[in-house]
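Notes follow the structure.
The values are calculated or read from the model by the stated rules, or taken from the named source; none is laboratory data. Note that the structure is a prediction, hence the values are computed from the model and not measured. Positions of Cβ are generated from backbone atoms using ideal geometry, with glycine treated the same way; all protein chains shown enter the neighbour counts.
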Amino acid sequence: AKAVRQGTRNKVENINNEFSIQESMLKKVSSRPLNIYAFILAYSDKVELNVFFEAEGKFLNKTENEPEYHAAKMFVRNFALDAYREAVKQEIKTEEGRLKNIESEQKKLIKDAEKLYKSKGSEKRGVESMKNKIAMLKGDQDRIRKQVQSIKDELLRYQNQNALPAVIKDAEKRLKSAEKDLSKLTREEEKLHRDINKSETSIRSDERSISDSEQAKQRKQEEVDRQKERIFNLKKKLESIR
């Protein structure tokens, strides 16, 4: 509206999508006041702007008003180009906003993937640590089993020799304590095996999630690339508007 509201306080009117303004002073077109009428036709592949200039009750035409006619033609062309440029600039701004959102989503996917890798790494280190503990427990169990067997042999010897009850009772007490220690070590090993199974299940779950995450990251990168290409093409389009 600003482009045509020159030298007049009249406003642009819109009646049934036909725009008009009265007595505008467009010095680039004419020294006379102009009434301007315009309407827009939208097609599937283009938008058409039709503009008519009226001065002193007659529409400008090439035959009677050639200088003004050509000036008006140039004015409309420049007006259309400026409007087109502005539309493309707005489209670029919109697409850049979309790119920013897509890149934000991409960053979240990357962070989520990093968490999954850390979780998997932590679980794997935990499994290795538990396997090392099991190896140590097995060594302790072997040692205590030998101790249990030695005490059993000792106790049998005492019983066969009719040793004093106190001696037999002491051996029985030591046997009970060793068997208790062995049972405790066995339970600890069984718990570690259960914990390993849980961790390995978690690792497999992480691996599936990581696979899904990598695919999602790839799709998002492709989306980013497409959006960047769209913006690049729009900027080329803007540069070509002349």
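Between Glu172, Glu200, Glu189, Glu179, which is in contact with a Leu (Cβ under 6 Å, 6 or more places away or on another chain), under 30 Å from Asp142 (Cα atoms) and either of a type in the set (Asp, Glu) or at pLDDT 95 or above (or both)?
Values: Glu172 fails: in contact with a Leu (Cβ under 6 Å, 6 or more places away or on another chain); Glu200 fails: in contact with a Leu (Cβ under 6 Å, 6 or more places away or on another chain); Glu179 fails: in contact with a Leu (Cβ under 6 Å, 6 or more places away or on another chain).
Exactly one of Glu172, Glu200, Glu189, Glu179 is in contact with a Leu (Cβ under 6 Å, 6 or more places away or on another chain), under 30 Å from Asp142 (Cα atoms) and either of a type in the set (Asp, Glu) or at pLDDT 95 or above (or both), namely Glu189.
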Practice prompt. Of the conditions (1) of a type in the set (Gly, Ala, Ser); (2) loosely packed, with under 15 Cβ neighbours inside 10 Å; (3) under 40 Å from the mean Cα position of the chain (by Cα), Ser119 clears all except one; give me its number.
Written response: (2)
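What do you reckon, is Glu66 out of contact with any strand residue (DSSP E or B) (no Cβ under 9 Å at 6 or more places or on another chain), surrounded by fewer than 16 Cβ atoms within 10 Å (Cβ to Cβ), farther than 30 Å from Glu214 by Cα and not polar (S, T, N, Q)? Break it down into steps so the answer makes sense when it comes.
Values: out of contact with any strand residue (DSSP E or B) (no Cβ under 9 Å at 6 or more places or on another chain): yes; surrounded by fewer than 16 Cβ atoms within 10 Å (Cβ to Cβ): yes; farther than 30 Å from Glu214 by Cα: yes; not polar (S, T, N, Q): yes.
Criteria met by Glu66.
Given the structure, is Asp140 more than 43 Å from the chain's Cα centre (by Cα), farther than 30 Å from Ala216 by Cα, free of Cβ contacts under 8 Å to residues at least 12 places away in the same chain and assigned to a helix (DSSP H, G or I)?
Numbers: more than 43 Å from the chain's Cα centre (by Cα): yes; farther than 30 Å from Ala216 by Cα: yes; free of Cβ contacts under 8 Å to residues at least 12 places away in the same chain: no; assigned to a helix (DSSP H, G or I): yes.
Taking the combined requirement at face value, the residue does not satisfy it.
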Worksheet item: among the polar types (S, T, N, Q), farther than 20 Å from Ile241 by Cβ, at pLDDT below 90 and not in a helix (DSSP H, G or I), is that true of Asn10?
Response: yes
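Mind checking which residues of the stretch 13-48 are assigned to a loop (DSSP other than H, G, I, E, B) and out of contact with any helix residue (DSSP H, G or I) (no Cβ under 7 Å at 6 or more places or on another chain)? Outline the logic, then answer.
Going through the stretch 13-48, the residues assigned to a loop (DSSP other than H, G, I, E, B) turn out to be 16-17, 25-33, 43-46.
Correct list: Asn16, Asn17, Met25, Lys27, Ser31, Arg32, Pro33, Tyr43, Ser44, Asp45, Lys46.
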Item to complete: Output the number of the condition that Asp82 fails; it satisfies all remaining conditions of (1) under 27 Å from Ser240 (Cα atoms); (2) outside any helix (DSSP H, G or I).
Response: (2)
